[in-house]
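Contents: one structure, followed by commentary.
The values are calculated or read from the model by the stated rules, or taken from the named source; none is laboratory data. None of the values given here were measured: they were computed from a predicted structure. Glycine also receives a Cβ, built like all others from the backbone with ideal geometry; neighbour counts cover every protein chain displayed. Please note that ligands, DNA and RNA were not included when accessible areas were found on the heavy atoms of the full protein model with its side chains. Shrake-Rupley method; radii C 1.70, N 1.55, O 1.52, S 1.80 Å.
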Amino acid sequence: MAAAARDSPSFAGSEEADEAVRGTCEDASICKRFAVSIGYWKDPYIQYFVRQAKERKAPEINRGYYARVHGVSQLLKAFLKKTECNCQIINLGAGMDTMFWRLKDENLLPKKYFEVDFSMIVARKIYNIKSKPPLSKPIMESHSGESFLIDAHSLDSSRYSILAADLRDSSELEEKLKKFNMDTQLPTLLIAECVLVYMTPQQSASLLKWAANTFQAAMVINYEQVNMADRFGQIMIENMQRRQCSLAGVEACKSLESQRERLLLNGWETANAIDMMKVYSYLPQADVKRIEGLEFLDEKELLEQLMQHYCICWATKDGCNLGLSNITF
């Protein structure tokens with residue numbers, strides 16, 4: 001989990017820094033595909049985006065991804081339930097994420113699903129979609145109307161859009177999303193998985209403030225590092241630096257409180273943050289028991305340390321009185 005900490009963009013600055021973070025997108029996708037291949041969860045689409053891992057991933061990595069995928073999914077589905085799918089989802093730094101296809105299979109698509117990432121990652125994802133019918137067919141099946149756009153760096157259908165944008169520049173981001181029919185009056189869920197940590201504190205604050213100010217009713221889910229001031233956190237930072245990957249926003253990852261505070265200071269009405277050990281304990285325990293039987297784990301302490309250094313934070317702003325503040329595990 002520490003070694004493959006994201007699916008998303010870095011916007012800390014240099015092209016070298018951005019390139020290092022683009023590499024972690026590949027790592028995270030390969031880790032997910034490996035966990036899926038040995039039965040941690042079902043995802044028939046990840047195989048079309050990323051190759052199978054050359055070597056086994058450690059059990060603690062697989063359990064970490066299981067908790068991440070299920071934790072984010074649980075909050076996302078609670079939001080869809082509250083809004084009765086009359087909403088939009090914006091996945092910031094989506095990488096090779098397959099959530100759109102999985103939601104379609106469950107008949108849980110929002111009115112529109114947007115993905116934003118680096119142009120290189122977007123181009124690769126669009127190439128895969130264009131060349132693989134199991135990916136393109138569901139997009140066409142859910143599309144209605146005449147306007148369907150697809151080129152090297154963007155795809156826009158009536159229910160799914162993928163576009164390249166710089167998350168440091170909120171006005172550019174808004175302009176591009178509006179071009180693809182983002183509706184600021186519609187309840188909106190924003191997802192950021194290991195994205196904000198690669199931006200400076202000022203850049204992530206600006207993005208969070210933009211989101212809180214733009215939508216009448218909104219929720220944000222943020223998955224990333226926490227408790228980074230201790231020794232284990234320092235080792236994680238050093239490991240990333242060895243890969244030329246700077247965690248420019250690590251200041252906000254000091255504690256669960258600093259994570260909550262960032263959300264509240266940038267216009268969100270309610271904010272929660274819990275570490276992944278707690279998330280793991282909140283997941284349906286029958287399935288947790290099932291996955292714990294998949295492979296032997298002798299490094300229980302390492303798993304706990306890893307999970308205590310990642311968290312899920314979620315915040316709401318509810319101008320439509322939908323009861324968004326009641327969403328929890």
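For the range 321-329, the criterion of being closer than 26 Å to Q203 by Cβ and surrounded by 20 or more Cβ atoms within 10 Å (Cβ to Cβ) is satisfied by at least one residue. Of all the listed residues (A12, A4), the sole one being at pLDDT below 85, among the small types (G, A, S) and open to solvent by 30 Å² or more (accessible area, probe 1.4 Å) is A12.
Of the residues making up the range 196-244, those that are among the acidic types (D, E) and under 30 Å from K82 (Cα atoms) number 1.
Table: residues versus (1) among the hydroxyl-bearing types (S, T, Y); (2) free of Cβ contacts under 8 Å to residues at least 24 places away in the same chain.
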residue	(1), (2)
L256	no, no
R262	no, no
G267	no, no
L303	no, no
N321	no, yes
S325	yes, no
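Those strands (runs of 3 or more DSSP E) of the range 122-201 in which 1 or more residues are under 30 Å from V250 (Cβ atoms) occupy 160-164, 188-193.
Within the range 253-272, is there a residue that is aromatic (F, W, Y), buried (at least 17 other Cβ atoms within 10 Å of the Cβ) and closer than 24 Å to K82 by Cβ? Yes: one or more hits. Note on the range 145-178: among residues that are under 17 Å from Y113 (Cα atoms) and among the hydroxyl-bearing types (S, T, Y), the one that is modelled with the lowest pLDDT is S147. Of everything listed in (1) modelled with pLDDT of 95 or more; (2) among the basic types (K, R); (3) surrounded by fewer than 19 Cβ atoms within 10 Å (Cβ to Cβ), the single unmet condition for K54 is (1). The number of residues in the range 62-97 that are buried (at least 20 other Cβ atoms within 10 Å of the Cβ) and in a loop (DSSP other than H, G, I, E, B) comes to 6.
Looking at K137, K112, just one residue is within 18 Å of D183 (Cα to Cα) and either free of Cβ contacts under 8 Å to residues at least 24 places away in the same chain or more than 14 Å from the chain's Cα centre (by Cα) (or both), and that residue is K112.
In the range 121-149, which residues are open to solvent by 40 Å² or more (accessible area, probe 1.4 Å) and in contact with a helix residue (DSSP H, G or I) (Cβ under 7 Å, 6 or more places away or on another chain)?
Of everything in the range 121-149, those that are open to solvent by 40 Å² or more (accessible area, probe 1.4 Å) and in contact with a helix residue (DSSP H, G or I) (Cβ under 7 Å, 6 or more places away or on another chain) turn out to be K130, K132, P134.
Within the range 292-308, is there a residue that is small (G, A, S) and open to solvent by 50 Å² or more (accessible area, probe 1.4 Å)? Checked against the condition, which is being small (G, A, S) and open to solvent by 50 Å² or more (accessible area, probe 1.4 Å), the range 292-308 yields at least one hit. Just checking, does the range 33-46 include any residue being surrounded by 20 or more Cβ atoms within 10 Å (Cβ to Cβ) and at positive phi? No: the range 33-46 contains no residue that is surrounded by 20 or more Cβ atoms within 10 Å (Cβ to Cβ) and at positive phi. Going through (1) in contact with a helix residue (DSSP H, G or I) (Cβ under 7 Å, 6 or more places away or on another chain); (2) free of Cβ contacts under 8 Å to residues at least 24 places away in the same chain one by one, E172 falls short only on (1). For E60, indicate whether it is under 23 Å from Q185 (Cβ atoms) and either free of Cβ contacts under 8 Å to residues at least 24 places away in the same chain or of a type in the set (D, E) (or both). In short, no.
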